[in-house]
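A short write-up of the structure that comes next.
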Amino acid sequence: MAPYSMVTVSSTSDPARRLAAIRSQITAAAERAQRPVESIRLVAVSKTQPAASIAALADLGQRDFGENYLQEAIGKIQSLADRSPKLVWHFIGQLQSNKTRPVAEHFDWVHTVDRLKIAERLSQQRSPHGPPLQVCLQVKLGDEATKGGVSPADLPALLRAVAALPRLQVRGLMALPPAEADEDAQRRWFAELRQLLVTCQTEHPQLDTLSMGMSADLVAAILEGSTLIRVGTALFGERLQSPA
Ligand SMILES: *Cc1c(COP(=O)(O)O)cnc(C)c1O
């Protein structure tokens, strides 16, 4: 049995150890891809995690956080609002059109826009006094009924319409591809999203973001050009509860 003091030491050093491990994974993958490590932004996915765990990572220099569930997210955003430097909040959950207002009011980024109606509401509800909401369009790559996203065929028309909305700034594409065990299979999905972005860039050269890669496939995502990875479990440990 481990002595009590060992347990205490290892649990207090967990966030620092995990963050360092992810950062070195990012650095190694960037080297393999011959890309500058600064071109990859790490979003810590803090769904189901308490504000104290977010603050602990923020104390270590982590600034970007991702949330899926509005109700728990708003409380955490408000309780951490006075931090300096300010935290950057990314909404990565499924969006319902009747729940867009709190997203428009409290978040900096939304990664899951897949319908024009939602984009129009976010634009209407975003304050004209602050910066525009940074938006990625979610693309459906596999054929999974539970996941959202616009089809690749409908992407160009949606992108053109969203890019014209005044209070949104379209930054790029996001995907949540089917889970694959090996790196080559993971890379094929991510390469597909990268190719879609390249195609979109001919008409929209301002697009600069590929939001792809999570704990299990972030290396494959970086090798295929990801500029923003969304990492939960590998930073915070296994999620204990999942809200209904
Ligand atoms: C939960 C979630 C993540 C993080 O997943 P992990 O496997 O815990 O890293 C990333 N992106 C989205 C959209 C999520 O819902």
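Only one of Leu168, Leu240 is modelled with pLDDT under 95, over 14 Å from the mean Cα position of the chain (by Cα) and either more than 16 Å from the ligand (Cβ to nearest atom) or under 27 Å from Ser53 (Cβ atoms) (or both). Can you tell me which? Give the steps one after another, and end with the answer.
Numbers: Leu168 fails: modelled with pLDDT under 95.
Answer to the selection: Leu240.
Could you grab me the full set of residues in region 29-43 that are in a helix (DSSP H, G or I), without any contact (Cβ under 8 Å) to a residue 60 or more places away in the chain and over 23 Å from Leu87 (Cα atoms)? Even if it seems obvious, please write down each step before you answer.
Initially, region 29-43 is screened for residues in a helix (DSSP H, G or I), giving 29-33, 37-39.
Next, from what is left, pick out any that are without any contact (Cβ under 8 Å) to a residue 60 or more places away in the chain: 31, 37-38.
Glu31, the sole residue that qualifies.
I'd like to know if region 87-95 contains one or more residues that are exposed (fewer than 15 other Cβ atoms within 10 Å of the Cβ) and away from the ligand (no atom under 16 Å from the Cβ).
no
Pick out the one residue from Leu60, Leu133 that is more than 16 Å from the ligand (Cβ to nearest atom) and under 17 Å from Met174 (Cβ atoms). First the steps, then the outcome.
Values: Leu60 fails: under 17 Å from Met174 (Cβ atoms).
Within the list Leu60, Leu133, the selection yields Leu133.
Go over the candidates Asp208, Asp184 one by one and state the one that is within 18 Å of the chain's Cα centre (by Cα), closer than 27 Å to Ala29 by Cα, surrounded by fewer than 17 Cβ atoms within 10 Å (Cβ to Cβ) and more than 16 Å from the ligand (Cβ to nearest atom). Step through it out loud before you land on a result.
Values: Asp184 fails: within 18 Å of the chain's Cα centre (by Cα).
After ruling out the rest, the residue left standing is Asp208.
Among the residues of region 145-172, write down those that are in a loop (DSSP other than H, G, I, E, B) and among the small types (Gly, Ala, Ser). Write out each step before concluding.
In the first step, residues of region 145-172 are kept if they are in a loop (DSSP other than H, G, I, E, B); the result is 145-149, 151-154, 164-167.
Once the filter is applied, which keeps residues that are in a loop (DSSP other than H, G, I, E, B) and among the small types (Gly, Ala, Ser), region 145-172 yields Ala145, Gly148, Gly149, Ser151, Ala153, Ala164.
Checking the condition away from the ligand (no atom under 13 Å from the Cβ), part of a loop (DSSP other than H, G, I, E, B), touching a Pro at 6+ places or on another chain (Cβ under 8 Å) and in contact (Cβ under 8 Å) with a residue 24 or more places away in the chain, which residue from Gly142, Gly225 passes?
Working: Gly225 fails: touching a Pro at 6+ places or on another chain (Cβ under 8 Å).
Of the residues listed, the single one that is away from the ligand (no atom under 13 Å from the Cβ), part of a loop (DSSP other than H, G, I, E, B), touching a Pro at 6+ places or on another chain (Cβ under 8 Å) and in contact (Cβ under 8 Å) with a residue 24 or more places away in the chain is Gly142.
Between residues in region 91-112 that are farther than 16 Å from Leu133 by Cα and residues that are modelled with pLDDT under 95 and part of a loop (DSSP other than H, G, I, E, B), which pairs lie under 8 Å by C-beta distance while being six or more apart or on different chains?
Gln94/Gly148
Could you tell me whether any residue of region 68-87 is closer than 17 Å to Arg41 by Cα, in contact (Cβ under 8 Å) with a residue 12 or more places away in the chain and assigned to a strand (DSSP E or B)?
no
When you scan region 120-160, how many residues do you find that are touching a helix residue (DSSP H, G or I) at 6+ places or on another chain (Cβ under 8 Å), among the hydrophobic types (A, V, I, L, M, F, W, C) and closer than 29 Å to Arg188 by Cβ?
8
Is it the case, given these coordinates, that Glu203 is surrounded by fewer than 18 Cβ atoms within 10 Å (Cβ to Cβ) and more than 10 Å from the ligand (Cβ to nearest atom)? Can you show your working first?
Working: surrounded by fewer than 18 Cβ atoms within 10 Å (Cβ to Cβ): yes; more than 10 Å from the ligand (Cβ to nearest atom): yes.
Spelling it out, Glu203 is indeed surrounded by fewer than 18 Cβ atoms within 10 Å (Cβ to Cβ) and more than 10 Å from the ligand (Cβ to nearest atom).
Just checking, which of Ala220, Ala216, Ala175, Ala191 is in contact (Cβ under 8 Å) with a residue 24 or more places away in the chain, within 14 Å of the ligand (Cβ to nearest atom) and either surrounded by fewer than 18 Cβ atoms within 10 Å (Cβ to Cβ) or of a type in the set (Lys, Arg) (or both)?
Values: Ala220 fails: either surrounded by fewer than 18 Cβ atoms within 10 Å (Cβ to Cβ) or of a type in the set (Lys, Arg) (or both); Ala175 fails: either surrounded by fewer than 18 Cβ atoms within 10 Å (Cβ to Cβ) or of a type in the set (Lys, Arg) (or both); Ala191 fails: within 14 Å of the ligand (Cβ to nearest atom).
None of the other options fit; the residue is Ala216.
The values are calculated or read from the model by the stated rules, or taken from the named source; none is laboratory data. Quick caveat, the model's predicted, so the values are computed rather than measured. Neighbour counts are summed over all protein chains in view; Cβ atoms, including those assigned to glycine, are modelled from backbone coordinates with ideal geometry.
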